[in-house]
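Participant: A single structure is presented below for examination.
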Amino acid sequence: MATQAEIDTYAFVHHVREWGQIHAPEVGMVTDKLTARVNRDDLPCNAYYDGRINMQDPSPSRGCNDTGENGDIVYHEWGHGFHYYSVQTGGVDGSVGEGAGDVVSLLQTGDAVLARYFYTNGSGIRELDTDRVYPDDLTGSVHSNGLIFGGSFYDLLDVLEDELGPELAHSETSRIFAGTLRYGPGLDDTWDAAVAADDDNGDLTDGTPNYCSLLDTFGRHGLGPGGEGGVSVITQHEPVDIADDPEVLDITVDLVDLAPECSDFAADGATLFYRTEPGANWDSVSASISDLQVLASIPAQPFGTFVEYFVAVDVGDATVFAPEGGNTSPFSLYAGGVLSLDCDDFEADDAGYTHELLAGDDNTGADDWQ
């Protein structure tokens, strides 16, 4: 006679598989045969996925109920397999995996609390509405770190329910979630994967159907361009490289608002940093901002001076840089023109140079020309 854990786990697995058939019918976790083992006693107060779902007996002495009778736990462990089989590129990140299991459970129950009644006192084990923020709230626990990923999708579902209604919000969140896992992201590139998954026409330059909602909700958890101040802006600058006139070292940086439909964009100030000796301290000058263009001038330098520079722009609570790495990867230029002594690409011929084999085996075609 079947135990309650066997009956419940069987029902829960078929329930979540039906969700997978709708939103990711090609994923192996959905199409392949799955074995679920219940009433195990090797890891009390636990459950795990190892290619099979393993659910534990109750452990009253530890205050735990039978995990095979808890739908959230079954959904979560099934979600580990769904994550593994979904990845088409990238890798299987542990924190994302725990978050993915939590999201699969959320999409079956709609409950921010994972596994109510996991413990005999009725409490659950995690809450997705806890606003964990990347990277400030990173810990040594993948379960805790997974709340950054899971919380982003919990907030997305909540926001889309207000915008689209519960049914369409669930469908859109499921679609984006399943698509995100295909890219095998880590926490730091979850935002990029989610936007790519939301794209509906193969062209990210025209936005995605839920871009503003993603910008908002993932930004609450420190992910994406909204993660530091709620802005979505990039800087573009064509490096000067060589300034023919060392007295005129003008720098122009263009600001590109990636989501003008999401919020009003305004730059609050900008600073140009420069130095003329590698490793020296940075000097700075204020820059002016006109519309979406930053204008600054490096003070005149002696002819032939090598100058490193970068620009910092304050946008709300965030700072964006040109180049993106700021002082870790600055632009550089020569103040004053350079004199071309001799130039050749060596594509058509050897430019008049003679060359031969100096050492090694004298085989046909052997040569030390480099």
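Participant: From the residues in the range 252-299 that are of a type in the set (D, E, K, R), surrounded by fewer than 17 Cβ atoms within 10 Å (Cβ to Cβ) and under 28 Å from the mean Cα position of the chain (by Cα), which one is farthest from residue 327 (Cα to Cα)?
Facilitator: Residues of the range 252-299 of a type in the set (D, E, K, R): 254, 257, 261, 264, 268, 275, 277, 283, 291.
Filter once more, keeping what is surrounded by fewer than 17 Cβ atoms within 10 Å (Cβ to Cβ): 254, 261, 264, 268, 277, 283, 291.
Now restrict to residues that are under 28 Å from the mean Cα position of the chain (by Cα): 254, 261, 264, 268.
Values: 254: 18, 261: 31, 264: 28, 268: 20 Å.
Checking each candidate, the answer is 261.
Participant: Please go through the range 300-309 and give me each residue that is within 14 Å of residue 272 (Cα to Cα) and open to solvent by 60 Å² or more (accessible area, probe 1.4 Å), ordered by number.
Facilitator: None - no residue of the range 300-309 is within 14 Å of residue 272 (Cα to Cα) and open to solvent by 60 Å² or more (accessible area, probe 1.4 Å), so the list stays empty.
Participant: Report, by residue number, each residue of the range 22-48 that is touching a helix residue (DSSP H, G or I) at 6+ places or on another chain (Cβ under 6 Å), closer than 20 Å to residue 107 by Cα and either aliphatic (A, V, I, L, M) or open to solvent by 50 Å² or more (accessible area, probe 1.4 Å) (or both).
Facilitator: Of the range 22-48, the ones touching a helix residue (DSSP H, G or I) at 6+ places or on another chain (Cβ under 6 Å) are 23-24, 27-30, 36, 38-39, 44-45, 47.
Next, only the ones that are closer than 20 Å to residue 107 by Cα stay: 23-24, 27-30, 47.
Passing the criteria: 24, 27, 29, 30, 47.
Participant: Now, a different point. Give the residue, chosen from 283, 257, 350, that is within 30 Å of residue 206 (Cβ to Cβ) and of a type in the set (D, E, K, R). Walk me through how you get there before you give the answer.
Facilitator: On the way: 283 fails: within 30 Å of residue 206 (Cβ to Cβ); 350 fails: within 30 Å of residue 206 (Cβ to Cβ).
The conditions single out 257.
Participant: Condition test on residue 127, is it charged (D, E, K, R), touching a residue at least 12 places away in the same chain (Cβ under 8 Å), in contact with a strand residue (DSSP E or B) (Cβ under 9 Å, 6 or more places away or on another chain) and open to solvent by less than 60 Å² (accessible area, probe 1.4 Å)? Can you show your working first?
Facilitator: On the way: charged (D, E, K, R): yes; touching a residue at least 12 places away in the same chain (Cβ under 8 Å): yes; in contact with a strand residue (DSSP E or B) (Cβ under 9 Å, 6 or more places away or on another chain): yes; open to solvent by less than 60 Å² (accessible area, probe 1.4 Å): no.
No.
Participant: Right, residue 198: open to solvent by less than 10 Å² (accessible area, probe 1.4 Å) and more than 30 Å from residue 70 (Cα to Cα) or not? So that I can check it myself, show each step before the final result.
Facilitator: On the way: open to solvent by less than 10 Å² (accessible area, probe 1.4 Å): yes; more than 30 Å from residue 70 (Cα to Cα): yes.
Yes: the conditions hold for residue 198.
Participant: Right, here's the next one. Which residue, of 11, 5, is out of contact with any helix residue (DSSP H, G or I) (no Cβ under 7 Å at 6 or more places or on another chain) and either at positive phi or in a helix (DSSP H, G or I) (or both)?
Facilitator: Details: 5 fails: out of contact with any helix residue (DSSP H, G or I) (no Cβ under 7 Å at 6 or more places or on another chain).
Being out of contact with any helix residue (DSSP H, G or I) (no Cβ under 7 Å at 6 or more places or on another chain) and either at positive phi or in a helix (DSSP H, G or I) (or both) holds for just one of 11, 5, which is 11.
Participant: When both residues are 6+ apart or on different chains and their Cβ atoms are under 6 Å apart, which pairs have a first residue that lies in the range 4-19 and is more than 10 Å from residue 55 (Cβ to Cβ), and a second that is in a helix (DSSP H, G or I) and among the charged types (D, E, K, R)?
Facilitator: Every condition considered, the pairs that remain are 4/69.
Participant: Further question: Please name all residue pairs, on different chains or six or more residues apart, with Cβ atoms under 8 Å, provided the first residue is in the range 23-48 and is within 17 Å of residue 73 (Cα to Cα) and aromatic (Phe, Trp, Tyr) and the second residue is at pLDDT 95 or above and part of a strand (DSSP E or B).
Facilitator: Close Cβ pairs satisfying both conditions: 48/54.
Participant: Same structure, new question: Name, by its number, the condition in (1) within 24 Å of residue 159 (Cα to Cα); (2) of a type in the set (Val, Ile, Thr); (3) surrounded by fewer than 20 Cβ atoms within 10 Å (Cβ to Cβ) that does not hold for residue 96.
Facilitator: In the conditions (1) within 24 Å of residue 159 (Cα to Cα); (2) of a type in the set (Val, Ile, Thr); (3) surrounded by fewer than 20 Cβ atoms within 10 Å (Cβ to Cβ), residue 96 misses (3) alone.
Participant: Scan the range 330-352 for residues that are of a type outside the set (Val, Ile, Thr) and either open to solvent by less than 30 Å² (accessible area, probe 1.4 Å) or touching a residue at least 12 places away in the same chain (Cβ under 8 Å) (or both) and report the count. Working first, answer last.
Facilitator: To start, the set of residues in the range 330-352 that are of a type outside the set (Val, Ile, Thr) comprises 330-337, 339-352.
From what is left, the residues that are either open to solvent by less than 30 Å² (accessible area, probe 1.4 Å) or touching a residue at least 12 places away in the same chain (Cβ under 8 Å) (or both) are 330-337, 350.
Total satisfying the criteria: 9.
Participant: So residue 2 passes all but one of these: (1) open to solvent by 10 Å² or more (accessible area, probe 1.4 Å); (2) aliphatic (A, V, I, L, M); (3) at pLDDT 95 or above. Which condition number does it fail?
Facilitator: Tallying (1) open to solvent by 10 Å² or more (accessible area, probe 1.4 Å); (2) aliphatic (A, V, I, L, M); (3) at pLDDT 95 or above, residue 2 fails exactly one: (3).
Participant: Step by step: first the residues of the range 171-195, then only those that are out of contact with any helix residue (DSSP H, G or I) (no Cβ under 7 Å at 6 or more places or on another chain) and either among the aliphatic types (A, V, I, L, M) or more than 18 Å from residue 220 (Cα to Cα) (or both), then the one that is surrounded by the most Cβ atoms within 10 Å (Cβ to Cβ). Which residue is that? Explain how you work it out, then say what you get.
Facilitator: Of the residues in the range 171-195, the ones out of contact with any helix residue (DSSP H, G or I) (no Cβ under 7 Å at 6 or more places or on another chain) are 171, 184, 188-189, 192.
Among the residues that remain, those that are also either among the aliphatic types (A, V, I, L, M) or more than 18 Å from residue 220 (Cα to Cα) (or both) are: 171, 184.
Numbers: 171: 15, 184: 19.
Per the criteria, the residue is 184.
Participant: Of the residues that make up the range 51-58, is at least one open to solvent by 50 Å² or more (accessible area, probe 1.4 Å), among the acidic types (Asp, Glu) and more than 18 Å from residue 71 (Cβ to Cβ)? Before the answer, list the steps.
Facilitator: We begin by selecting, within the range 51-58, every residue open to solvent by 50 Å² or more (accessible area, probe 1.4 Å); these are 52, 57-58.
With the extra rule that they be among the acidic types (Asp, Glu), the set shrinks to 57.
Still in the list and also more than 18 Å from residue 71 (Cβ to Cβ): none.
Taking every residue of the range 51-58 in turn, none turns out to be open to solvent by 50 Å² or more (accessible area, probe 1.4 Å), among the acidic types (Asp, Glu) and more than 18 Å from residue 71 (Cβ to Cβ).
Participant: While we're here: Report, by residue number, each residue of the range 138-169 that is farther than 24 Å from residue 77 by Cα and either touching a residue at least 60 places away in the same chain (Cβ under 8 Å) or open to solvent by 40 Å² or more (accessible area, probe 1.4 Å) (or both).
Facilitator: 161, 162, 163, 164, 166, 167, 168 - these are the residues of the range 138-169 that are farther than 24 Å from residue 77 by Cα and either touching a residue at least 60 places away in the same chain (Cβ under 8 Å) or open to solvent by 40 Å² or more (accessible area, probe 1.4 Å) (or both).
The values are calculated or read from the model by the stated rules, or taken from the named source; none is laboratory data. Keep in mind that what you see is a predicted model, and the values were worked out from it rather than measured. Heads up, the Cβs are rebuilt from the backbone with ideal geometry, glycines too, and the neighbour counts pull from every protein chain shown. Ligands, DNA and RNA are excluded from the accessible area calculation, which covers all protein heavy atoms including side chains. Shrake-Rupley method; radii C 1.70, N 1.55, O 1.52, S 1.80 Å.
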